[in-house]
């Protein structure tokens with residue numbers, strides 16, 4: 001159905017794609033695996049007409065195609081479901097679905113009945129029940145994701161690209177999405193599936209293409225490639241211990257202690273983290289984990305209970321107070337809350353240190369020593385291996401993994417004693433994930449107290465000394481070493 | 001493969017072209033050369049001195065506007081604050097016979113107060129800056145007009161006009177020196193002090209700034225207070241230049257300062273802008289108006305040309321930005 005023959009593409013003499021060839025048949029899900037920077041997104045941009053290839057051919061149903069714009073690709077039956085939502089909340093579901101279509105518009109007149117009927121038909125095909133006349137803003141993020149899918153199905157594509165569709169979904173919602181993908185496969189559509197989760201590839205894909213440094217490393221059946229091999233092909237080197245070996249650095253001294261602490265959807269919680277300890281906070285999306293830590297750092301107000309740092313009761317009114325007390329919060333949402341993506345790497349890395357008046361950078365009058373500041377940000381860039389041109393490069397131009405390194409680096413530079421990581425490996429490549437685990441264990445080794453929120457249970461088991469499970473706003477269970485995924489899944 | 005490359009300098013050529021400040025600086029130089037050749041008497045000591053003097057008021061409020069715009073706000077009350085300041089200061093001197101120092105301090109205090117009101121509503125109540133400062137603009141202009149029934153105040157103590165005309169060493173006009181001192185101090189605050197970082201951080205992404213520990217409300221509040229204070233100084237400078245207190249004497253000046261900031265590379269979305277760029281922007285506008293005036297164009301033509309320059313400058317900047325993003 002779709003065939004790439006010898007596709008290549010360079011940006012400023014930098015070869016991003018080098019002779020890519022593979023095929024995808026109708027009624028097939030093909031996983032596209034590779035780290036950030038492997039060339040996946042460039043290839044998809046070529047397929048959707050955003051970029052043009054320097055060489056090679058794309059065949060659809062045996063005919064060569066040349067897409068010079070997104071609408072060309074659209075017309076040829078290539079659809080894409082982006083990771084980020086591009087829906088409009090105050091329009092109804094149906095209006096969102098037909099938004100980019102002019103089919104119903106004769107003289108720009110919108111035929112409402114037709115619009116609704118057609119949208120309902122699309123959702124029926126997907127096996128989803130939904131009231132299409134309600135504003136989309138009333139639905140959850142996962143429903144909005146389904147609407148994204150409906151938008152592309154509506155155009156009757158032969159091929160749909162799913163770009164990291166599960167990143168913001170709960171387990172249950174993910175199941176629903178997989179059902180929809182199955183339904184699409186049965187209808188004979190071709191799906192190109194991009195995901196960072198290896199389990200999802202094995203679960204859904206028939207075939208797999210592994211890209212690394214712009215070349216195809218593997219093309220064949222998914223089930224003929226075992227997980228270890230897949231990871232090795234993706235990163236090009238052996239990754240012996242994906243999770244760092246757990247050696248306990250836990251001390252007797254308590255860093256932070258919550259007693260009956262909570263508010264809003266969070267019931268009174270008791271939680272204690274010692275220095276040198278990594279505590280995991282497991283649970284489903286919506287269990288109240290982020291809400292709990294937001295109250296801990298004073299981003300939102302708590303209504304009951306108390307928080308002790310080093311055994312003393314403290315009042316934290318905003319994240320600035322938290323920083324003063326040595327608490328760092330590594331935001332899950334890098335783009336909106338964690339980083340200033342429009343500013344340089346150095347600006348981002350230095351901000352908390354400047355707020356905290358780190359003595360070697362900021363004098364008591366608030367004067368910034370540029371030379372020292374530069375030295376500190378360069379040091380952080382080197383020690384966390386941020387791939388960049390220099391400290392002035394804007395953060396928005398970095399890959400997800402490198403952005404995450406910057407968002408960790410900015411806190412390490414301010415030297416807090418307590419670290420709270422919120423979904424630290426969301427949307428980043430395998431190699432950076434493993435680096436993040438090393439950093440977390442390294443912090444514990446240095447005697448810091450660490451709390452890690454993650455919806456991905458295996459990584460919690462892999463890096464934490466203890467895992468607390470939250471469900472519906474309550475901490476419901478606590479597991480030490482030797483806990484299994486099943487234990488956690490059963491209680492959450 | 002994962003080795004970071006730190007400190008790789010781009011070529012000089014690329015740096016110059018990739019920088020809005022150098023682009024507008026070339027435009028300014030080109031304009032000066034153009035008028036020096038085309039407008040008789042433009043490049044004279046007398047004219048350059050008066051050009052400096054003329055730019056003083058706009059220059060100072062442009063500095064204030066730069067801070068506000070970097071926080072992604074806007075200050076529309078600037079012109080009204082200038083009017084109010086001239087009126088309060090001259091009224092206290094002429095009508096109440098108070099000493100110059102007291103009158104100036106009281107007028108500055110009033111200007112700061114307007115800044116406090118702006119800052120309170122924008123930072124703490126969370127009203128849009130556009131609405132808040134538009135509201136205060138109307139309110140304080142009205143107060144200034146009501147206070148003297150719309151009449152102007154003349155016959156100020158001679159020290160005022162002496163200072164306004166005065167120079168240091170016969171070369172540098174006093175008023176221009178005030179502007180230069182403010183420019184230098186504010187540039188240092190913005191680029192070299194932690195407060196400047198907070199200003200950029202709040203404008204670039206206020207949520208991320210808060211999560212990074214910045215006391216965002218306090219920072220934004222202070223920016224408006226500072227802006228009010230600087231507009232007060234601009235008002236005093238204005239009074240020294242026109243030797244009068246006139247409620248409407250600064251009307252519309254905020255538009256000039258917004259233009260100057262934007263020409264100088266500031267973004268109304270926040271997070272971008274610099275004092276040096278904005279100051280060049282302010283000079284471009286005064287050079288244009290003075291030069292065109294000498295060439296015999298009426299003020300009607302001047303506005304037309306200023307409008308074109310504004311759109312051209314921002315267009316160049318937008319294209320440059322789009323290109324640099326496309327390269328990534």
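Each value in this text was obtained by applying a stated rule to the coordinates, not by laboratory testing. As the structure is a prediction and not an experimental result, all values here were calculated from the model. Heads up, the Cβs are rebuilt from the backbone with ideal geometry, glycines too, and the neighbour counts pull from every protein chain shown.
So the values come out like this:
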item: Ellipsoid semi-axes in whole angstrom, largest first, where each is sqrt(5λ) of the Cα gyration tensor of the stretch A:267-321; result: 18, 16, 11
item: Percent RCO, i.e. relative contact order, over the stretch A:346-409, from Cα pairs under 8 Å lying at least 6 residues apart; result: 33 percent
item: Bridge type composition, chain A - antiparallel percent by DSSP, nearest 5; result: 55 percent
item: Order by protection proxy (mean Cβ within 10 Å, highest first), peptides A:422-429, B:255-262, A:179-186; result: B:255-262, A:422-429, A:179-186
item: DSSP bridge orientation in the protein assembly as shown - percent antiparallel, rounded to nearest 5; result: 55 percent
item: The stretch B:219-328 - Debye-derived log10 I(q)/I(0), Cα point model, q = 0.11, 0.15, 0.24 Å⁻¹; result: -0.46, -0.81, -1.38
item: Ellipsoid semi-axes in whole angstrom, largest first, where each is sqrt(5λ) of the Cα gyration tensor of the stretch A:423-492; result: 21, 14, 11
item: Reference-scaled alpha-carbon Rg (2.2 N^0.38 Å with N residues) for the stretch B:40-100; result: 1.56
item: Ranked packing of B:73-81, B:263-271, A:305-313, B:181-189, most packed first, by mean Cβ within 10 Å; result: B:73-81, B:263-271, B:181-189, A:305-313
item: Spatial extent of the stretch A:346-409: Rg and Dmax, with the Cα atoms as the point set, Å; result: 11.8, 36
item: Ratio of the Cα radius of gyration of chain A to 2.2 N^0.38 Å, where N counts its residues; result: 1.04
item: Mean shadow area of the stretch B:61-128 over all directions, Cα convex hull, nm²; result: 4.9 nm²
item: Square roots of 5 times each gyration tensor eigenvalue, C-alpha, the stretch A:2-235, largest first, Å; result: 31, 21, 15
item: Chain B: calculated mean residue ellipticity at 222 nm from DSSP helix runs of at least 4, using -39500 (n - 2.57); result: -24000 deg cm²/dmol
item: Ellipticity estimate at 222 nm from DSSP helix runs (n ≥ 4, -39,500 (n - 2.57)) divided over chain A, nearest 500; result: -10000 deg cm²/dmol
item: Residue order, fewest to most surrounding Cβ atoms within 10 angstrom, among B:306, B:167; result: B:167, B:306
item: Kirkwood Rh in Å, taken over the stretch B:130-251 so that all alpha-carbon pairs contribute; result: 17.1 Å
item: Antiparallel DSSP beta bridges within the stretch A:2-235, percent to nearest 5; result: 55 percent
item: Shape of the stretch A:311-385, Cα gyration tensor, a/c cut at 1.5; result: oblate
item: Enclosed volume per residue, in Å³, of the convex hull spanned by Cα atoms of the stretch A:221-334; result: 163 Å³
item: q = 0.13, 0.15, 0.20 Å⁻¹, the stretch A:165-247: log10 I(q)/I(0) [Debye, one scatterer per Cα]; result: -0.51, -0.66, -1.03
item: Inter-part distance where the stretch A:412-468 and the stretch B:98-158 are each reduced to a Cα centre, Å; result: 53 Å
item: For residues of A:382-389, the mean tally of beta carbons on other chains within 10 Å; result: 3
item: Debye intensity ratio in log₁₀ form over the Cα atoms of the stretch A:170-215, taken at each q of 0.23, 0.29 Å⁻¹; result: -0.91, -1.22
item: Globularity index of chain B, i.e. its alpha-carbon radius of gyration over 2.2 N^0.38 Å; result: 1.04
item: Three-way shape call for the stretch A:1-89 based on the alpha-carbon gyration tensor, with the a/c threshold at 1.5; result: rounded
item: Quarter of Cα convex hull surface for the stretch B:71-175, i.e. mean projection, nm²; result: 8.2 nm²
item: For the stretch A:368-407 and the stretch B:206-281, distance of Cα centres in Å; result: 31 Å
item: Spatial extent of the protein assembly as shown: Rg and Dmax, with the Cα atoms as the point set, Å; result: 30.9, 96
item: Convex hull per residue volume in Å³, alpha carbons only, for the stretch A:322-447; result: 101 Å³
item: Within 10 Å of each Cβ in A:328-341, the average number of Cβ atoms from other chains; result: 4
item: Averaged over B:262-275, number of beta-carbon atoms from partner chains that fall within 10 Å; result: 1
item: Sequence ranges B:286-299, A:27-40, ranked by mean other-Cβ count within 10 angstrom, highest first; result: A:27-40, B:286-299
